[in-house]
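The values are calculated or read from the model by the stated rules, or taken from the named source; none is laboratory data. Computed from a predicted model, the values in this text were never measured in an experiment. Cβ coordinates were reconstructed from backbone atoms using ideal geometry, including for glycine residues, and neighbour counts include every protein chain displayed. Side chains included, ligands, DNA and RNA excluded: accessible areas come from the protein's heavy atoms. Shrake-Rupley method; radii C 1.70, N 1.55, O 1.52, S 1.80 Å.
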Amino acid sequence: MTRDDARALDRSDPLAAFRDRFALPEGVIYLDGNSLGVLPRAVTPALADTLTRQWGERLIRSWNEGWIEAPQRLGAKIAPLIGAAADEVIVGDTTSTHLFKALVAALRHDPARRTIVSEAGNFPTDLHIAEGAVGCVPGATLKVVARDRLAAALGDDTAVLLLTHVHYKTAERFDLADWSARAHAAGALMLWDLSHSVGAVPIDLAAAGADLAVGCTYKYLNGGPGAPAFLYVARQWQAALANPVSGWMGHAEPFAFTDGYRPAEGMRRWLVGTPSILAMASLEAALDLWNDIDMAQIAAKSAALFAILAEAGAAAGLACVSPADPAQRGSHISFRHRHAYAVTQALIARGVIGDFRAPDVLRLGLTPLYLSHEDVWRAGALLQEVIADEAWRDPAYATRNAVT
Ligand SMILES: *Cc1c(COP(=O)(O)O)cnc(C)c1O
């Protein structure tokens, strides 16, 4: 692949026009959109309107002028991206909190089933929250096993199988339908964490028969730092499962101000407290961008960007830990290197922002909406340079930041 080849791909790229809808900083090739997505230009005026008009002028009247429905309205906007119906998704809280609600609900659902099964090396918060959830349900246990032992770990005590669709380090992807079917065959519920796949790969929860799902909106969906997360509960479980964090926003009549808790119908019962409207406003503007997007085009471009970096990494002698088959991975590429932290820092110093995941992974996110093939080609050339010149040996690149 030459720079001209990359430019030729850019000329025929059906997604090329989306780049202008993002505020990309000068001199940066941003390969970390899987950790914090780039600011969509539409967010700035939307947030300004929320501040100055909705809050500043309309004040509390704004609750009745669109704020109170934000969790359901934004959920309906996420629904098509995950193969859900509009009334199966709500937005609010964090992915961690949604995980807690879903896991405790699943553990309490059938007294004969009190085990959560999950994967060793899953995203840390998923396992930490699962640990907390079993602590809240008498007799509950957490079974964490290697990927190749998952099928064997399912049994007649399994309440729920918790899997992250795309692995945050390696980009390995589980087959949604396959694993949902395995959970069901064991009599368990299937809970997917879509944080690393929503907006990155096509997702069809309905076709997969998934029961529950959670996901992050500040990664590929570009909702902003700490943007509210989403929760999906398949329609047939909405009344059968109970939200353990029974707050007033999930009450059937929050403004009746009664003492006793009575859950609302449908997805509203999964709400907890007052939604963060400023964060919702950013996210909503970011989500509106997805109206005109074809996920098949996203997947095709992601594969092309991956191929460029895979070739550059191989030329640099790096070990790629992401699957070669596009159908078996998400939208990032990871390389293993003993000094991956220093390599990441050396790249950042050259304007290529990727990230490091302990202990030895250099991770580069591929976001088809705002990266060109030429950007990624340039990043690959700089990666080869940093490795060939051993530029990463500079002691300045050895000091660890709090966020890596
Ligand atoms: C990013 C990510 C999260 C983030 O959870 P927060 O509650 O938003 O901090 C959770 N799970 C996975 C798999 C992730 O990739």
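Label region 16-95 by shape, choosing from rounded, prolate and oblate, from the square roots a ≥ b ≥ c of the eigenvalues of the Cα gyration tensor; if a/c is under 1.5 it is rounded, and otherwise prolate applies when a/b is larger than b/c, oblate when it is not. Note, shape of region 16-95 comes out oblate. At q = 0.18 Å⁻¹, what is the log10 ratio I(q)/I(0) for region 46-291, with the Debye formula run over Cα points and no solvent? Values returned for q = 0.18 Å⁻¹ are -1.39.
A crude spin-label estimate for the pair A398 and T274, with each label 7 Å from Cα along the Cβ direction, gives 5.1 nm.
Does region 199-299 come out rounded, prolate or oblate by the C-alpha gyration tensor, with a ≥ b ≥ c the root eigenvalues, rounded set by a/c under 1.5 and, if not, prolate when a/b is larger than b/c and oblate if not? It is oblate, given that a/c is not under 1.5 and a/b is not larger than b/c. Taking 0.36 nm per residue of separation and subtracting the current Cα-Cα distance, fully stretching the chain between E131 and D156 would add 7.0 nm.
For the cross-link pairs K77/K169; K169/K219; K77/K301, the ones whose C-alpha atoms lie over 21 Å apart are K77/K169; K77/K301. When each full DSSP H helix of the chain is screened for a Cα extent of at least 15 Å along its own axis and an average Kyte-Doolittle hydropathy of at least 1.0, the helices passing are 277-288, 295-315.
Working from label points 7 Å from Cα in the Cα-to-Cβ sense, the R11 to W248 distance is 6.2 nm. Placing a label point 7 Å from the Cα of R3 along the Cα-to-Cβ direction, the residues of region 374-393 whose backbone N falls under 20 Å of that point are 374-389.
May I ask what percent, to the nearest 5, of DSSP beta bridges between residues of the chain are antiparallel? Before the final figure, lay out each step's value.
Numbers: 22 of 41 bridges.
So the antiparallel bridges in the chain amount to around 55 percent.
Sparsely packed loop sites in region 1-106 (the GluC sites (Glu not before Pro) outside DSSP H, G, I, E and B with at most 13 other Cβ atoms within 10 Å) comprise E26, E57.
Projecting label points 7 angstrom from Cα along Cα→Cβ for A327 and A349 puts them 4.4 nm apart. Protein heavy-atom accessible surface, 1.4 Å probe, per residue over region 79-237: 32 Å². Each principal axis of region 276-330 carries a Cα extent, and these read 47, 23, 17 Å when sorted largest first.
Could you put R268, R393 in order of accessible surface area, largest first, with the 1.4 Å probe and the full protein assembly present?
Working: R268 65, R393 145 Å².
Descending order: R393, R268.
Using Cα-Cα distances under 8 Å and only pairs 6 or more residues apart, what relative contact order does region 46-291 have, in percent? After rounding, I find 23 percent.
Restricting to region 149-242, what percent of DSSP beta bridges are antiparallel, rounded to 5? Don't skip to the answer; put the middle values down first.
Values: 5 of 13 bridges.
If I count the DSSP bridges inside region 149-242, around 40 percent turn out antiparallel.
So which GluC sites (Glu not before Pro) in region 260-355 pass both tests, a DSSP loop state and at most 15 other Cβ atoms within 10 Å of the Cβ?
On the way: sites: E265, E284, E311; in loops: E265.
Those that pass, being in a loop and sparsely packed, are E265.
Computed over protein heavy atoms with a 1.4 Å probe, the carbon and sulfur contribution to the accessible area of region 46-291 reaches 56%.
Once a ≥ b ≥ c are taken as the square roots of the eigenvalues of the Cα gyration tensor of region 273-404, is the result rounded (a/c under 1.5), prolate (a/b larger than b/c) or oblate (a/b not larger than b/c)?
It comes out oblate by the Cα gyration axes.
Starting from region 292-361, pick out the trypsin sites (Lys or Arg not before Pro) whose DSSP state is loop and whose Cβ has at most 10 other Cβ atoms within 10 Å.
Details: sites: K301, R329, R336, R338, R350, R357; in loops: R338, R350.
Passing both the DSSP loop test and the Cβ count: R338.
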